[in-house]
Amino acid sequence: MLFIGNEVIELKEIDSTNDYALKALESSEIPEGTVIMADYQFKGKGQQGGFWESEPFKNLTLSLVLYPKFLPLDKQFYLNMAVSLAIYDLCANISEATRAEIKIKWPNDILINNKKIAGTLIENSIAGNIFKHSVIGIGVNVNQTKFNHHSDGPISFKLLTNREYDLGKCRTTLFEALEKRYFQLRNNNLEEIYNEYLEHLYLFGEKKNFSIGEQIITGKITGVTQAGNLELSSSDGLIELKSKDIKFLD
């Protein structure tokens, strides 16, 4: 029996499943592993206040409640890495026969053939020096084929394979992957998580141009810090960057 998804709150329509979960946590203790999911999420949140577009009844739009109190605060990005790897596992399962290239784009987007298929937004609450709770918002493009608000051309499983997918089966596969990765994290297999994350990291070790502030810098991604900053090696040495500080240039 999975503990992730054992308790599910199903909503027809909601602005944001993350906001719903955060508000519910203000007044009650929600069992760990509870999933809040919606048929239609009309104000899904992305990174840095971005918008996650999702057509009703076509995709996975959900939030997961976890209590990772075992994880030191200075290692909190390992939770992001574990969740990203779980979504990577889902994508690898779905696209196994297509030979598609799947990558994790730091900090936590998933790309297939250089097109965005999934993203996460993790909102942590901290009490003293431990995690109070984490709300993990996940959006995965499954059966949607038209995207109106993105110029960078997202992709979905249906666009990739020309097949319609059962959302229930996709959810179950995702829950299994999330549980596997969460236990990996809870068992303190941090080096294994980190190495796998780097193995699948978009542009890792490749010499590319990046926009940092007003400058264009040529460098290589060499790693990620425990706090989640990107490590970029350039002619100026090793630079640590937050997500708002850098833009990837195609």
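Computed values, structure above
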quantity: Three-way shape call for the range 111-250 based on the alpha-carbon gyration tensor, with the a/c threshold at 1.5; calculated: oblate
quantity: Distant-in-sequence amide H partners of LYS116 (H built 1.01 Å from N, under 5 Å); calculated: ILE155
quantity: Ranked packing of 59-66, 71-78, 159-166, most packed first, by mean Cβ within 10 Å; calculated: 59-66, 71-78, 159-166
quantity: Linear extension gain, LEU238 paired with ASP15, 0.36 nm per residue minus alpha-carbon span; calculated: 76.2 nm
quantity: Per residue, the convex hull volume that the Cα atoms of the range 207-248 enclose (Å³); calculated: 60 Å³
quantity: For the range 8-109: span of alpha carbons on each principal axis (Å, largest first); calculated: 46, 37, 26
quantity: Order of PHE175, PHE204, PHE157 under a 10 Å beta carbon neighbour criterion, fewest first; calculated: PHE204, PHE175, PHE157
quantity: Ellipticity estimate at 222 nm from DSSP helix runs (n ≥ 4, -39,500 (n - 2.57)) divided over the chain, nearest 500; calculated: -8000 deg cm²/dmol
quantity: 5 angstrom amide H check on ILE239, placed H, neighbours 5+ away; calculated: LEU232, SER233, SER234
quantity: Pairwise centroid distance, computed over Cα atoms, of the range 56-109 with the range 130-172, Å; calculated: 11 Å
quantity: Built amide H within the under 5 Å cut-off of GLY223, gap 5+; calculated: GLU231
quantity: Charged-residue dipole, Cβ positions (Lys, Arg, Asp, Glu), the range 207-248 about Cα centre, Debye nearest 20; calculated: 200 debye
quantity: Ranking of ASP236, ASP15, ASP109 by count of other Cβ atoms within 10 Å, fewest first; calculated: ASP236, ASP15, ASP109
quantity: Shape call, the chain: gyration tensor on alpha carbons, a/c limit 1.5; calculated: oblate
quantity: Per-pair calculated FRET efficiency, R0 = 22 Å: LYS169 and GLU7 via Cβ, rounded to 0.05; calculated: 0.70
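Every number here is computed from the coordinates shown, using simple stated rules; none is lab data. On a predicted model such as this, the values are computed, not experimentally measured, just so you know. We place every Cβ from the backbone using ideal geometry, glycine too, and count neighbours over all the protein chains shown.
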